[in-house]
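Take a look at the structure set out below.
The values are calculated or read from the model by the stated rules, or taken from the named source; none is laboratory data. Note that the structure is predicted; figures quoted are calculated from it, not measured. We place every Cβ from the backbone using ideal geometry, glycine too, and count neighbours over all the protein chains shown. Protein only, heavy atoms only, side chains kept; ligands, DNA and RNA dropped before computing areas. Shrake-Rupley method; radii C 1.70, N 1.55, O 1.52, S 1.80 Å.
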Amino acid sequence: MTRPEPLDPAPRWQAGRARARERARAGAQAAREAFAATDLARRIALAREERPEEELGRPQFTRLIGELDVLAEPARRLLRRTDIPPARNPQLVMILPGFATHPVRMRYLARQLEQAGHRTKRWGLGFNWGPDPERFDFLEQRLVDLSERHGRQVVLLGWSLGGLYARELAKRQPDKVAKVISMGSPFSGSPRANNVWRVYQFITGHSVDSPPIEADLAVKPPVETVALWSPLDGVIAPACAAGVPGERDRAIKVRCTHIGYTYAPEVVAALLKELDGQG
């Protein structure tokens, strides 16, 4: 009597391995689909958008590297002797910080204005993580409160994104605003002609084309509106910050980096002149 040949275990092992691979593929697909439905995936997709034709005019990479100039500012400040003339027309100034920055970033600039005799007020919020309806309602009410408490109109001074806030607030409450001054704010041209729009879209979760509030950035507020711009700006396209006639009353050229709007002596001098009504 012959013994039966043993069964070959290879087919069963191979079948089990194939089923494991199929389960792994199904699990990976389910994970990808679950991730695609998350808010993080949506933000990443916003940051990875390709719009090269809309980025024309944005500062070169060398200009962006130039923003590291801020690292030398503490040493320069120790040696700087700035002549601050007394204000002939003291103003009440509400200061609005740039995107992803805190009001502390503008403290030095505020102190220079106060040394001249102007009164500066913070915007009443912390970091600027982008616009939303609640934030704007708060800012509008703060503007009204400041104006009524001090019995006068308020100068809105905004850096970068803060300048866009200032322009829109002045459209909502023109009777409460004496003047709008923006510094490196991209109110004109393409909202992607800069080096930060992808970061902006990732952090805020919305497209630069579709902010969560009604805004037509290029429309000039119904008050005196001045735009400071710099050819050395490494973040915002200079043309977008300068605008064209009809979008602002005056454009003032200064020479500083984008971060330099918060400390450059040339900017301080330009602001003191504007606040004294000598534009």
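Once a ≥ b ≥ c are taken as the square roots of the eigenvalues of the Cα gyration tensor of region 167-251, is the result rounded (a/c under 1.5), prolate (a/b larger than b/c) or oblate (a/b not larger than b/c)?
Here region 167-251 falls in the oblate category.
Can you tell me the length gained on complete extension of the stretch Leu56 to Gln141, counting 0.36 nm per residue apart and subtracting the Cα distance?
Contour length minus the Cα-Cα distance gives 26.9 nm.
Carbon-plus-sulfur fraction of the accessible area of region 129-169, 1.4 Å probe, in percent?
47 percent
Subtract the Cα-Cα distance of Asp209 and Arg152 from 0.36 nm times their separation in residues, and report this length gain in nm to one decimal.
17.0 nm
Taking Rh as the Kirkwood radius computed over C-alpha pairs, what is the Stokes-Einstein D of the chain at 37 °C in a medium of viscosity 0.692 mPa s, expressed in µm² per second?
155 µm²/s
If you take every DSSP beta bridge fully contained in the chain, what fraction is antiparallel? Give it as a percent rounded to 5.
5 percent
With springs only between Cα atoms under 10 Å, which of Leu71, Leu161, Leu40 fluctuates most in a Gaussian network model of the chain?
In this elastic network of the chain, the residue with the biggest mean-square fluctuation among Leu71, Leu161, Leu40 is Leu71.
When the label point is put 7 Å from the Cα of Ala47 along its Cα-to-beta-carbon vector, which residues of region 188-223 have a backbone N closer than 13 Å?
Label zone hits: 196-206.
I'd like to check one number: the per residue accessible area of the chain, probe 1.4 Å, reported in Å² as a whole number.
I get 53 Å² per residue for the chain.
Looking at region 201-279 from every direction and averaging, what is the projected area of its Cα convex hull in nm²?
On the way: hull surface 25.1 nm².
Dividing the Cα hull surface by four gives the mean projection, 6.3 nm².
Counting only residues 5 or more places away or on other chains, whose amide H sits under 5 Å from the amide H of Ile252 once H atoms are built in the peptide plane?
Ala227, Leu228, Trp229
Could you work out how far the C-alpha centroid of region 127-197 sits from that of region 221-279, in angstrom?
15 Å
Taking square-rooted eigenvalues a ≥ b ≥ c of the alpha carbon gyration tensor, is region 94-248 rounded, prolate or oblate, where a/c under 1.5 means rounded and, failing that, a/b exceeding b/c means prolate?
Rounded, since a/c falls under 1.5.
Counting only chymotrypsin sites (Phe, Trp or Tyr not before Pro) that sit in a DSSP loop (anything but H, G, I, E, B) with at most 16 other Cβ atoms within 10 Å, what is the longest stretch of the chain containing none of them? It would help to have the intermediate numbers written out before the result.
Values: sites that count: Phe127, Trp129.
Of all site-free stretches, the longest is 130-279.
Got a sec? Which residues in region 60-88 would a label at Arg111 touch, if it sits 7 Å along Cα→Cβ and we count backbone N under 11 Å?
77-78
When only Cα pairs under 8 Å and 6 or more residues apart are kept, what is the percent relative contact order across the chain?
22 percent
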